[in-house]
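Visitor: One structure coming up, written as structure tokens, with questions to follow.
The values are calculated or read from the model by the stated rules, or taken from the named source; none is laboratory data. What you see is a predicted model; the values in this text were computed from it and never measured. Virtual Cβ from ideal backbone geometry, glycine too; neighbours counted across all protein chains shown. All accessible areas refer to the heavy atoms of the entire protein, side chains included, with ligands and DNA or RNA removed. Shrake-Rupley method; radii C 1.70, N 1.55, O 1.52, S 1.80 Å.
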Amino acid sequence: MKWATLISFVILISAHFGKSDTNRLCEHFTEVKEEGFKAFVLVALSQNLHESGYEELVLLTREITTAAGACCGENPSADCSKNEAELFQSAICASNEIVNKNNLEDCCAKTGDERHQCFMERKKSIPRHKEVKKTYSAKEKCEAFKDNRLAYTGAFIYRFSRMHIMMQPRIIIDFAKRIGDLAEECCAQEENLDTCFYEKGRPVRNYLAGVTAQSHSLCAISKKYGERVIKAKKVAQYSQKLPQATPEEIGDITQKITSSVFTCCSGDSVKCMKERKQIIEDVCARDDIVSRTKHLAECCKLSIVEKGHCIEHMEPDEKPADLSEKVESYIKDADVCDKFAAGKDLFIGGFLYEYARRHPELSNQMLLRIAKGYEDELTKCCVTENPPECYGKADEKLHAAVQDNLSHFQKICALVSTQGKAAYEKLMVIRYTSIMPTASFEGIRTITYRMGGIMQECCAKDQSKLMPCAEEKLSDLLDETCAENDPATINKNVEACCNDFYSHRRLCFLDMKPDTESAPPEFSADAFPITEALCTMSDADSLTASIKLLYEVVRLKPMITTEQIKTLTDGFNALKAKCCADENKQLCFETERAAFINTSKGLLTA
């Protein structure tokens with residue numbers, strides 16, 4: 001499949017949506033060819049028909065594709081003037097078996113816009129499908145890929161679409177392309193297939209996890225915090241990217257983007273892509289803006305397929321030569337309080353714009369905290385006898401907060417550099433288990449493993465990109481975690497942090513104290529699976545075993561000290577080294593394990 005062509009199709013359907021073309025289906029079918037059309041249909045069906053299996057959806061996809069292909073015949077029917085959503089829904093409703101299986105009787109009893117809205121509302125109510133992970137060897141993957149690449153990527157699209165019902169098709173299609181490219185590269189090798197999929201697959205897995213978290217985070221933020229926070233986040237982002245743009249221009253662009261966020265998070269994929277394409281066209285048509293930029297001008301020269309991704313990921317432009325180092329007018333002007341009183345949101349928005357365009361090295365969250373800190377300073381200072389003297393010190397306080405935040409990430413990078421990613425992950429397992437001792441090991445391990453991947457990636461970047469990379473990705477991960485779990489079921493501290501100001505969430509988790517109120521589990525020797533299997537484990541499995549030990553001891557005693565953890569881990573490592581070198585490993589492990597468990601019990605239950 002030509003994936004660039006497929007992505008073109010995704011954009012093209014939005015470009016023509018709502019127009020009065022007499023045979024739009026034939027035009028789209030011709031643009032993307034048969035296999036491209038099938039792939040898009042499969043995404044749509046997989047997200048909407050959760051009770052239907054893959055094979056059933058493949059058959060329905062073929063039927064819909066045949067109907068669309070017939071529109072390119074000599075005598076196309078009147079249905080060929082319909083848009084894609086109508087075609088999909090009509091085909092679904094024509095199958096009593098699919099309708100009954102997926103409980104679509106009510107929707108299919110409606111027509112036109114009412115039917116479309118019914119499908120959209122039902123889509124929102126579908127629970128996220130948590131796929132049971134199946135492990136396939138590299139050899140099995142390559143056999144499936146070489147047998148049929150389309151089926152290989154199609155199966156991925158089916159599984160991923162069911163797990164991410166509201167995700168935009170363009171993202172799923174991008175993921176499928178990367179999965180297919182990975183298989184193509186690795187399966188061309190004669191040997192070391194497993195190593196290739198593991199090593200070459202790491203950046204792909206990190207990319208999928210990062211973009212998925214970002215997508216979920218944005219929708220979770222829009223739902224929980226509303227338009228004001230989304231708009232502020234976008235103002236910060238695009239003021240950094242386009243420091244030459246005026247506040248009015250940034251305001252116009254970000255208002256449109258903010259509106260599209262709510263559309264795209266609604267699950268209406270066609271309308272989402274239509275709005276995104278219109279925004280791209282509007283921005284690139286603004287010669288007064290484009291002519292003053294470098295990276296935006298480069299993006300706007302690309303094809304419609306590439307423009308959106310380019311603009312979304314473009315680097316900040318160079319700051320204007322005449323831009324002052326500090327936001328002087330906001331810390332020195334005598335009439336600051338008058339302007340603040342005249343329109344708080346507008347004034348703080350202007351401050352955020354000016355501060356962000358001067359500091360591309362800061363994260364969005366840091367910029368939003370700075371804007372909130374400045375607002376708090378004005379609220380306090382503007383009721384004093386000498387407001388200018390009071391708010392004149394704001395810049396020093398804000399700078400100190402920036403340095404503290406940067407120092408935090410630099411310390412993590414120093415740890416990752418000297419002791420490795422695994423050492424950081426272990427520290428995070430201790431940290432997060434102590435504040436969430438009732439959380440499952442799988443949950444703790446997933447979060448901390450992804451944190452390790454994030455910091456490994458971000459610490460490899462220039463210092464100027466460390467904070468935007470690390471804080472934004474870690475915040476996306478926390479946002480996703482708060483949205484996908486009920487924080488109240490964990491403990492009141494986690495609930496409080498998940499309900500904190502958006503930009504303060506990560507700091508709230510950093511400041512959280514160990515949970516001493518939740519009742520620890522009963523001490524059980526079964527929690528310490530120390531056997532001769534440790535001697536033959538892979539490095540990855542060995543790391544998991546040591547992390548599982550940390551998890552078990554910390555949840556038994558959330559207030560455990562660093563010295564106590566060192567005592568237990570040193571004992572575990574010594575036991576492993578001794579018994580793996582012993583001729584009678586089984587007997588050694590049985591004897592030493594009993595002694596280790598007695599020592600651990602005395603330390604953890606004291």
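Visitor: List the lysines whose Cα sits under 16 Å from the Cα of Lys566, skipping any in the same chain fewer than 8 residues away.
Guide: Cross-link targets: Lys426, Lys548, Lys557, Lys576, Lys601.
Visitor: Average projected area of the Cα convex hull of region 212-278, in nm²? Numbers along the way, then the final one.
Guide: On the way: hull surface 18.5 nm².
Dividing the Cα hull surface by four gives the mean projection, 4.6 nm².
Visitor: Say R0 is 41 Å: what FRET efficiency, to the nearest 0.05, do Asp526 and Ala581 get from their beta-carbon distance?
Guide: Details: r = 26 Å, r/R0 = 0.63.
With R0 = 41 Å, the Cβ-Cβ based efficiency is 0.95.
Visitor: A further question follows. Using only Cα atoms, figure out Rg for region 166-223 and give it as a multiple of 2.2 N^0.38 Å. Provide the component values of the computation, followed by the final result.
Guide: On the way: Rg = 14.2 Å, N = 58, 2.2 N^0.38 = 10.3 Å.
Computed over Cα atoms of region 166-223, the ratio equals 1.38.
Visitor: Could you give the C-alpha radius of gyration of region 96-222 expressed as a fraction of 2.2 N^0.38 Å, taking N as the number of residues it contains? It would help to have the intermediate numbers written out before the result.
Guide: Working: Rg = 18.1 Å, N = 127, 2.2 N^0.38 = 13.9 Å.
In units of the globular-protein estimate, region 96-222 measures up at 1.31.
Visitor: HN-Hα J couplings of region 174-190 from phi, Karplus 6.51/-1.76/1.60, θ = phi - 60°, integer Hz, Gly and Pro as x?
Guide: The phi angles translate into 4, 4, 4, 4, 5, 5, x, 5, 4, 5, 4, 5, 6, 6, 7, 7, 8 Hz.
Visitor: Provide Rg over Rh for region 38-106; use the alpha carbon set for both Rg and the Kirkwood Rh (inverse mean inverse pair distance).
Guide: 0.98
Visitor: Determine the calculated [θ] at 222 nm for the chain from helices alone, applying -39500 (n - 2.57) to every DSSP H run no shorter than 4 residues and normalising by the residue count; nearest 500 deg cm²/dmol.
Guide: Working: 32 runs with 438 residues, N = 606.
Value at 222 nm, helices only, nearest 500: -23000 deg cm²/dmol.
Visitor: D for region 80-150, whole µm²/s, Stokes-Einstein with Kirkwood Rh over alpha-carbon pairs at 4 °C and 1.567 mPa s: what number?
Guide: Working: Rh = 15.1 Å.
Translational D for this selection: 86 µm²/s.
Visitor: What does the accessible area per residue of region 481-569 come to in Å², with a 1.4 Å probe and no ligands, DNA or RNA counted?
Guide: Roughly 53 Å² per residue, with all protein chains present.
Visitor: Based on the Cβ-Cβ distance of Glu55 and Ala285, what FRET efficiency does E = 1/(1 + (r/R0)^6) give at R0 = 35 Å, to the nearest 0.05? Don't jump to the answer; show the numbers that get you there.
Guide: Numbers: r = 46 Å, r/R0 = 1.31.
That pair, Glu55 with Ala285, gives E of 0.15.
Visitor: Rounding to the nearest 20 debye, state how big the charge dipole of region 219-290 is about its Cα centre with +1 on each Lys and Arg Cβ and -1 on each Asp and Glu Cβ.
Guide: Values: 13 positive and 10 negative charges, 104 e Å.
That gives region 219-290 a dipole magnitude of about 500 debye.
Visitor: Still on this structure, I have one more. Assuming 0.36 nm per residue, please report the length gained on full extension of the stretch Asp106 to Ala144 beyond their Cα-Cα distance.
Guide: Working: separation 38, 0.36 × 38 = 13.68 nm, distance 3.92 nm.
Going from the current span to full extension adds 9.8 nm.
Visitor: Determine which lysines satisfy two conditions relative to Lys146: a Cα distance under 18 Å, and not lying fewer than 8 residues away in the same chain.
Guide: Hits, sequence-local ones excluded: Lys2, Lys177.
Visitor: While we're here: Taking the Cα centre of the chain as origin and charging only Cβ (+1 Lys, Arg; -1 Asp, Glu), how large is the dipole, in debye to the nearest 20? Walk me through the intermediate numbers first.
Guide: Working: 80 positive and 92 negative charges, 99 e Å.
That gives a dipole near 480 debye.
Visitor: Given the convex hull over the Cα atoms of the chain, what projected area results after averaging over all orientations, in nm²?
Guide: Numbers: hull surface 135.2 nm².
Its average projected convex-hull area is 33.8 nm².
Visitor: Further question: State the dimensionless ratio Rg/Rh of region 415-533 (Rg: radius of gyration of Cα atoms; Rh: Kirkwood radius). Mind showing how you got there, number by number?
Guide: On the way: Rg = 15.7 Å, Rh = 15.7 Å.
Rounded to two decimals, Rg/Rh equals 1.00.
Visitor: Limiting things to C-alpha atoms, what are the Rg and the maximum Cα-Cα separation (Dmax) for region 275-397, in angstroms?
Guide: When restricted to Cα atoms, region 275-397 yields Rg and Dmax of 18.0, 58 Å.
Visitor: Given a 1.4 Å probe and every protein chain left where it sits, what share in percent of the accessible area of the chain is carbon and sulfur? Before the final figure, lay out the partial values.
Guide: On the way: 15490 of 29840 Å².
The nonpolar share, carbon plus sulfur, comes to 52 percent.
Visitor: Accessible area per residue of region 64-109 at 1.4 Å probe, in Å²? Walk me through the intermediate numbers first.
Guide: On the way: 2300 Å² over 46 residues.
Accessible surface, normalised per residue, equals 50 Å².
Visitor: Starting from the Cα of Thr591, step 7 Å along the direction of its Cβ; do the same at Ala488; then give the gap between the two resulting points in nm.
Guide: For the pair Thr591/Ala488, the computed spacing is 5.5 nm.
Visitor: Find the percent of Cα-Cα distances in region 213-361 that exceed 27 Å, and round it to a whole number.
Guide: Numbers: 2869 of 11026 pairs.
Beyond 27 Å sits 26 percent of the P(r) for region 213-361.
Visitor: In a Debye calculation with equal point scatterers on the alpha-carbon sites of region 361-454 and no solvent, what is log10 I(q)/I(0) at q = 0.16, 0.17 Å⁻¹?
Guide: -0.79, -0.83
Visitor: Something else about it: Is region 159-286 best put as rounded, prolate or oblate by its Cα gyration tensor, with a ≥ b ≥ c the root eigenvalues, rounded for a/c under 1.5, and otherwise prolate when a/b is larger than b/c, oblate when not? List each step's numbers first, then the result.
Guide: On the way: a/c = 2.40, a/b = 2.00, b/c = 1.20.
Prolate, because a/c is 1.5 or more and a/b exceeds b/c.
Visitor: What whole-number value in Å² describes the accessible area per residue of region 382-468 for a 1.4 Å probe? Walk me through the intermediate numbers first.
Guide: Details: 4270 Å² over 87 residues.
In whole numbers, region 382-468 has 49 Å² accessible per residue.
Visitor: Spin-label point model (7 Å from Cα, Cβ direction): what's the Thr195 to Met314 distance in nm?
Guide: 4.2 nm
Visitor: What's the FRET efficiency of Thr66 with Glu328 using the Cβ-Cβ distance as r and R₀ = 51 Å, to the nearest 0.05? Mind showing how you got there, number by number?
Guide: Values: r = 67 Å, r/R0 = 1.31.
Calculated transfer efficiency: 0.15.
Visitor: Which of the lysines could a cross-linker span from Lys233 if the Cα-Cα distance has to be under 16 Å and same-chain partners fewer than 8 positions apart are dropped?
Guide: Within reach: Lys223, Lys224, Lys241, Lys256, Lys372, Lys473.
Visitor: Right, here's the next one. What is the distance in Å between the Cα centroid of region 454-531 and that of region 67-143?
Guide: First find each Cα centre; the distance between them is then 38 Å.
Visitor: Using the C-alpha atoms of region 442-510, what convex hull volume per residue, in cubic angstrom, is computed?
Guide: Numbers: hull volume 5.5 nm³, N = 69.
Measuring per residue, one finds 79 Å³ for the Cα hull of region 442-510.
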